[in-house]
Amino acid sequence: MTRKELFKNTLRKSVHAWKLINELPLSDDESLMLRHFMDQPGFLDLHWRMFVPAIKGQGTEEQKQKWLPLANKMQIIGCYAQTELGHGSNVQGLETTATFDPQTDQFILHSPTQTSSKWWPGGLGKVSTHAVIYARLITDGKDHGVHGFIVQLRNMDDHSPLPGITIGDIGVKFGNGAYNSMDNGFLMFDKFCIPRDQMLMRLSKVTREGKYVPSDVPRQLMYGTMVSVRQTIVSNASIAMARAVCIATRYSAVRRQFGSQNGGIETQVIDYKTQQNRLFPLLASAYAFRFVGEWLKWLYTDVTQRLEASDFATLPEAHACTAGLKSMTTSATSDGIEECRKLCGGHGYLWCSGLPELFAVYVPACTYEGDNVVLQLQVARFLMKTVSQLGSGKAPAGTTAYMGRAKHLLQCRSSIRKAEDWLNPAMVLETFEARALRMAVSCANNLSKFENQEQGFSELLADLVEAAIAHCQLIVVSKFIVKLEGEIKGKGVKNQLKNLCYIYALHLIHKHLGDFLSTNSITSEQASLANHQLRSLYTQVRPNAVALVDAFDYTDHYLGSVLGRYDGNVYPKLFEEALKDPLNDTVVPDGYHEYIRPLIKQHLRSARL
Ligand SMILES: CCCCCCCCCCCCCCCCC/C=C/C(=O)SCCNC(=O)CCNC(=O)[C@H](O)C(C)(C)COP(=O)(O)OP(=O)(O)OC[C@H]1O[C@@H](n2cnc3c(N)ncnc32)[C@H](O)[C@@H]1OP(=O)(O)O
Ligand SMILES: Cc1cc2nc3c(=O)[nH]c(=O)nc-3n(C[C@H](O)[C@H](O)[C@H](O)COP(=O)(O)OP(=O)(O)OC[C@H]3O[C@@H](n4cnc5c(N)ncnc54)[C@H](O)[C@@H]3O)c2cc1C
């Protein structure tokens, strides 16, 4: 499809999905499932995941009563317009202004520079009638920082932009189809006026007289919509990873190379330890991210209930967990999808493998909802704060509770003696805790050598990110172990999940061996034992690998991959796909007479053939 066709077709699908949701009708969970199977980024994502939650989280009761019924019936379509051409990560650096005019009781929205143009918001370019706009609030010449506003963008009769608004699509993005189904947009305001009651005023207010009244709740609640989306992105990472792994595992069982004896069949590539060493940790990650996603959903629900009761104590941890896990799981999944492509050899590079499209549509997850490095730095700040409070009498809680055992974890030595000891959950956990704590404490010690903490932080950014990743990996490992300790129906299933849990943990040790050795969390002998155990786990997973990906229950239609077909009938179907290519419509290609024939004829003449 051309870009225009792709965009229009996605509109068609989105509107059809909305019709089904209402007609059948579908529950919230079923609607999410439908979105999942619609399988394309589109304006509904931003309307439901960001526009509506922003109003719910930041609007007053009256604002919710006014706007939510319209949004819930999709009589208005909204998006989330925060990022600007010049500023994305640095939200406090946004330039768009919303200046209160007491004479008209309105805010005047203005884009003072080119870099202040809104740039990137999905659904903004061509579809949305409304947006939640983030702009600097100015009253009486004073800048109060960034606040949210509900703004109508387009005329409800003919969809034209309202006077004072310039709006459009930002252009083609990475990949062929992928994210190009979405109208990520730009937007500029030229002194565009909105009524005062369209500032989202749950967190702070501007009175009729133009007085700014901050509320007593933390201003970070303005970032709440991002926290909610980051949480869902973790579960989505599992879905995308599982999809790539399903394709690569099934194909690795079909594909044979070398090893034929006396004219017999060749070896299935899935039997090579190198293939297993690249594939099975990804299979394990798909399960691990699913379980940590379930836990994060619980954490998010819990913090939301606490916030409703004005208990803000767990907000920093919820922010650190959603930011860190969003970052860690999306980076691992993007890398994992690309690894799966390579695991499928040359055929993985074919569009019909399903992997190039999956990669192209998935990889921006490392950037949207917060650049992955910027988000790990938020985790690092949280860790440094926690370390600095050790010994103050305030016991660390939640995911940093292990830091409360700092005295032990800083000096303990791993008691792993034989390979099987690596199947002991307490020993594995302690190894990850020791490594995470020691990396965090080492950063804190290095920071303390700087007179200026912010300067020290800048100097140590790379180490801080590594410490944050170590903490996030510990969370994933520990939640996998907790899952195994809970109710899992079926001993066989539990055994398989145990294998995957240890593959996940031991492979991380192997991959980040430098961290584990340099922090003396394990010795090089214990590292060899971990590798030995890992190989043995691969052997145990091998006979069940295909069943473990079949368990994801993805249909062939959803996978969209010739290589990942359930029936394994890969080669005939690759031919079928090839023959469908427009280049094969004719035997002699268009351009032959124009370019190839004259070239050949010229050579034939000069060679006197
Ligand atoms: C084959 C086909 C397959 C098809 C598959 C189809 C699948 C398609 C995928 C689909 C679906 C996914 C949907 C997702 C849609 C994505 C749309 C994208 C939307 C966006 O990107 S919206 C814009 C997001 N922008 C960002 O995330 C910006 C990142 N920056 C920030 O969040 C912050 O500014 C910051 C975190 C970097 C903070 O910086 P700074 O230090 O300057 O912050 P402040 O001074 O403002 O505040 C500091 C203190 O506040 C705390 N803090 C910060 N953030 C939060 C928070 N969210 N909650 C709570 N507390 C927060 C800090 O920790 C500081 O605290 P301290 O105690 O003072 O240290
Ligand atoms: C597909 C897609 C959809 C999007 N949808 C929306 C949307 O609906 N609404 C919306 O408002 N926005 C949206 N965005 C924008 C997105 O949120 C931002 O792109 C994102 O937050 C990153 O910000 P940036 O582009 O400014 O990156 P930058 O911050 O410019 O990052 C560039 C580089 O600088 C590094 N860097 C930046 N700051 C620091 C630091 N303090 N320390 C160390 N390194 C740093 C980063 O790691 C990165 O390597 C979307 C983006 C994409 C790609």
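The values are calculated or read from the model by the stated rules, or taken from the named source; none is laboratory data. Owing to the predicted nature of the structure, the values given are computational and were not obtained by experimental measurement. No Cβ is skipped: glycine too gets one built from the backbone with ideal geometry, and neighbour counts run over all protein chains shown. The protein model used for the area step is the full one, side chains on, heavy atoms only, and it has no ligands, DNA or RNA in it. Shrake-Rupley method; radii C 1.70, N 1.55, O 1.52, S 1.80 Å.
A few remarks follow.
- Mean projected area in nm² (Cα convex hull; one quarter of hull surface) for the stretch 125-179: 5.8 nm²
- Distance between the C-alpha centres of the stretch 534-553 and the stretch 178-209: 50 Å, rounded to the whole angstrom.
- Here the Karplus relation 6.51 cos²θ - 1.76 cosθ + 1.60, evaluated at θ = phi - 60°, turns the backbone of the stretch 15-28 into coupling constants of 5, 5, 4, 4, 5, 4, 4, 7, 6, 5, x, 9, 6, 4 Hz, with x for every Gly and Pro.
- Averaging the sequence gap over all C-alpha pairs within less than 8 Å and six or more residues apart, then dividing by the number of residues, gives the chain a relative contact order of 12 percent.
- Relative contact order of the stretch 1-145: 22 percent, from C-alpha pairs under 8 Å at least 6 residues apart in sequence.
- For the stretch 575-580, Karplus couplings with θ = phi - 60° (6.51, -1.76, 1.60), whole Hz, Gly/Pro x: 4, 4, 4, 4, 5, 7
- The slack in the chain from GLN261 to GLU451, taken as 0.36 nm per residue of separation less the alpha-carbon distance, amounts to 61.5 nm.
- Amide H contacts under 5 Å for GLU84, placed H, 5+ residues apart: TRP119
- The alpha carbon centroids of the stretch 73-103 and the stretch 105-128 are separated by 6 Å.
- Antiparallel %, DSSP beta bridges [both residues in the chain], to 5: 80 percent
- Mean shadow area of the stretch 144-288 over all directions, Cα convex hull, nm²: 15.5 nm²
- One quarter of the surface of the convex hull around the alpha-carbon atoms of the chain equals 37.6 nm², the direction-averaged projected area.
- Note on the stretch 71-219: Rg/Rh from Cα positions, Kirkwood definition for Rh, rounded to two decimals, is 0.98.
- Where the stretch 85-141 is the region considered: accessible area per residue in Å², 1.4 Å probe: 38 Å²
- Working from label points 7 Å from Cα in the Cα-to-Cβ sense, the ASP567 to HIS159 distance is 4.1 nm.
- Nearest-0.05 FRET efficiency for TYR272 and ALA309, computed from C-beta distance (R0 56 Å): 0.50
- Here is the P(r) of the stretch 490-609: all C-alpha pair distances, binned every 5 Å from 0, give 2, 8, 11, 10, 8, 9, 8, 8, 7, 5, 6, 6, 6, 4, 1, 0 in whole percents.
- Put the Cα centre of the stretch 395-410 next to the Cα centre of the stretch 241-301 and the gap is 35 Å.
- Mean ellipticity per residue at 222 nm, deg cm²/dmol - from DSSP H runs of n ≥ 4 across the chain, formula -39500 (n - 2.57): -17000 deg cm²/dmol
- Under 5 Å from the amide H of GLY145 lie the amide H atoms of LEU137, each residue being 5 or more positions distant or on a separate chain, with H modelled from the backbone and absent for Pro and chain starts.
- Residues whose amide H falls under 5 Å from that of ARG154, counting only those 5 or more places apart or on a different chain, are LEU162, with hydrogens built in the peptide plane.
- Here the Debye sum runs over all C-alpha atoms of the stretch 248-368 as equal scatterers in vacuum, and log10 of I(q)/I(0) at q = 0.10, 0.13, 0.18 Å⁻¹ comes out as -0.46, -0.66, -0.97.
- Unit Cα scatterers, Debye sum, the stretch 1-123: log10 I(q)/I(0) for q = 0.19 Å⁻¹: -1.18
- Pairs from the table (LYS273/LYS573; LYS73/LYS297; LYS64/LYS489; LYS64/LYS211) lying more than 31 angstrom apart at Cα are LYS64/LYS489.
- Here the Karplus curve 6.51 cos²θ - 1.76 cosθ + 1.60, taken at θ = phi - 60°, turns the phi angles of the stretch 206-211 into couplings of 10, 7, 4, 7, x, 8 Hz, with x standing for Gly and Pro.
- Values of log10 I(q)/I(0), in the order q = 0.21 Å⁻¹, for the stretch 389-466 under a Debye, Cα-only, solvent-free model: -1.01
- Under 20 Å from the Cα of LYS394 - lysines, other chains or at least 8 residues apart: LYS385, LYS407
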